[in-house]
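See below for the structure under consideration.
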Amino acid sequence: MTDETKQLSFNIDQPQTDNGPVVCLGMTFKNDDERREYFRNELRKKLPGLKKIEGFPIGDDEDIIALSDPPYYTACPNPWINDPELRE
């Protein structure tokens, strides 16, 4: 194929995150992957309390965590939504 007719693919291997430092909620992480892992572990700890909230999704904890990018987005009630730093 020539460059003009090359079909696009979703399977292109490109870095998903920047390798630079990330500041989130006043904490500094080496990169976005480290930030994501930290907050996913925190979400894992908070899930038992969140399950008591009406409307909590039906699903496995690990599926809910895999679908989340905490603290920015969670596939369940977001425990960080009342954090004043998220409102900036």
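The values are calculated or read from the model by the stated rules, or taken from the named source; none is laboratory data. Being a predicted model, the structure only gives us computed values, none of them experimental. Backbone-built Cβ (ideal geometry, glycine too); neighbour counts: all protein chains shown. Calculation scope for accessible area: heavy atoms of the full protein, side chains included, ligands and nucleic acids excluded. Shrake-Rupley method; radii C 1.70, N 1.55, O 1.52, S 1.80 Å.
Inside the stretch 45-61, residues that are surrounded by 15 or more Cβ atoms within 10 Å (Cβ to Cβ) and in contact with a Pro (Cβ under 8 Å, 6 or more places away or on another chain) make up a count of 2.
Is it the case that I64 is among the aliphatic types (A, V, I, L, M) and either exposed (fewer than 15 other Cβ atoms within 10 Å of the Cβ) or at positive phi (or both)? So I64 does not fit the description; no. Being among the aliphatic types (A, V, I, L, M) and out of contact with any helix residue (DSSP H, G or I) (no Cβ under 6 Å at 6 or more places or on another chain) holds for only one residue in A75, A66, and it is A66. A Cβ distance below 7 Å, combined with a sequence gap of six or more or placement on separate chains, defines the contacts here; from the stretch 26-44, residues that are free of Cβ contacts under 8 Å to residues at least 40 places away in the same chain and open to solvent by 80 Å² or more (accessible area, probe 1.4 Å) reach residues that are part of a helix (DSSP H, G or I) and not aliphatic (A, V, I, L, M) in the pairs R44/D61.
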